[in-house]
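**Student:** One structure, as structure tokens, below. Some questions next.
Where a number appears in this text, it was derived from the coordinates with a stated rule and is not lab data. The model shown is predicted, which means the values in this text are computed figures rather than measured ones. Cβ placement follows ideal geometry from the backbone for every residue including glycine, while neighbour counts extend to all protein chains displayed.
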Amino acid sequence: MHTLVQMLYLTRKEFERNLEGLTDEDARKRIDPMNCISWIIAHVACQHQAYFVDWPKDQVIDSRFSPYGYGVPPSQPPLKEAMALWKDACQASDSWLQAATQESLQEKCKNPMARGKSWGTLLVRCIFHTWYHMGEINSIRQMLGHKAPQFVDMHDWVYDGT
């Protein structure tokens, strides 16, 4: 498995760990001007769906994810709905990610939204984007009275050099 894909899998694991103990009520609270946590979850799922499921097939993004794209007005979806989108996008993208090679990641994405970027650049952007929103989620959680999780739980993750 390509190193960048391993990094994305670590990122996903951390993303999910940062959601532990979250209630639907807290996930749907919006502290203006930020989006609520459930919207952020669906938004990050939207990027995974676009980059690694729909765009590689030259398809328009799945309409279930459209309400959570860049620039879309905020909403407060149920946590269960947002997590279902997250799980669906992660599962659907795994076959593309696991097939990624150094060569395939250097190829250009043809979707106009990608602006001629390589698949590897999009993968790195997805990793950074997810970490950005993890920080946002942690800030919101702390404002809601939750304790911040330990930064990067490395107990179950080992880089094997491949």
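**Student:** Would you pull out the residues with amide H under 5 Å of SER118's amide H, same chain only if 5 or more places away, H placed 1.01 Å from N?
**Tutor:** CYS109
**Student:** What is the helix-to-structure angle for 3-17, meaning the angle in degrees between its Cα long axis and the longest Cα principal axis of the chain, kept from 0 to 90 and rounded to the nearest 10?
**Tutor:** That works out to roughly 20 degrees.
**Student:** In whole Å, what is the distance between the alpha-carbon centres of region 95-122 and region 28-94?
**Tutor:** So the two Cα centres are separated by 20 Å.
**Student:** Only helical DSSP H runs with n ≥ 4 go in: add -39500 (n - 2.57) per run for the chain, normalise by residue count and round the 222 nm mean residue ellipticity to 500 deg cm²/dmol.
**Tutor:** Values: 6 runs with 83 residues, N = 162.
Using -39500 (n - 2.57) per qualifying helix, the result is -16500 deg cm²/dmol.
**Student:** Label SER118 and MET34 with points 7 Å out from Cα along Cα→Cβ: what is the distance between them in nm?
**Tutor:** Inter-label distance under the simple model: 3.5 nm.
**Student:** Quick one: length gained pulling GLN98 to LYS57 fully straight, 0.36 nm per residue minus the C-alpha distance? Intermediate results must be reported in sequence, preceding the final value.
**Tutor:** Numbers: separation 41, 0.36 × 41 = 14.76 nm, distance 1.58 nm.
Answer, rounded to one decimal: 13.2 nm.
**Student:** For helix 119-143, report the angle its Cα long axis makes with the longest principal axis of the Cα atoms of the chain; keep it between 0 and 90° and round to the nearest 10°.
**Tutor:** For 119-143 against the chain, the angle is about 10 degrees.
**Student:** Between 0 and 90 degrees, rounded to the nearest ten: what's the tilt of helix 79-99 against the longest Cα principal axis of the chain?
**Tutor:** 20 degrees
**Student:** Can you sort VAL53, VAL5, VAL152, VAL44 so the residue with the fewest Cβ neighbours within 10 Å comes first?
**Tutor:** On the way: VAL53 23, VAL5 20, VAL152 13, VAL44 26.
The fewest-first ordering by Cβ neighbours comes to VAL152, VAL5, VAL53, VAL44.
**Student:** Subtracting the Cα-Cα distance from 0.36 nm times the residue separation, let me have the gained length for SER75 to GLU25 in nm, one decimal.
**Tutor:** Details: separation 50, 0.36 × 50 = 18.00 nm, distance 1.37 nm.
Result for the pair: 16.6 nm of gain on full extension.
**Student:** Which of LEU122, LEU97, LEU22 ends up with the largest GNM mean-square fluctuation for the chain, with Cα atoms connected below 10 Å?
**Tutor:** Maximum fluctuation in the GNM of the chain, among the listed residues, is at LEU22.
**Student:** Each label point is 7 Å from the Cα along the Cα-to-Cβ direction; what then is the distance between the points at GLN91 and PHE151, in nm?
**Tutor:** Here the answer is 3.5 nm between the modelled labels.
**Student:** Determine the shape class of region 1-80: with a ≥ b ≥ c the square roots of the Cα gyration tensor eigenvalues, call it rounded for a/c under 1.5, and otherwise prolate if a/b is greater than b/c, oblate otherwise. Show your work: numbers first, answer last.
**Tutor:** Details: a/c = 2.50, a/b = 1.27, b/c = 1.96.
Oblate, since a/c reaches 1.5 and b/c is not below a/b.
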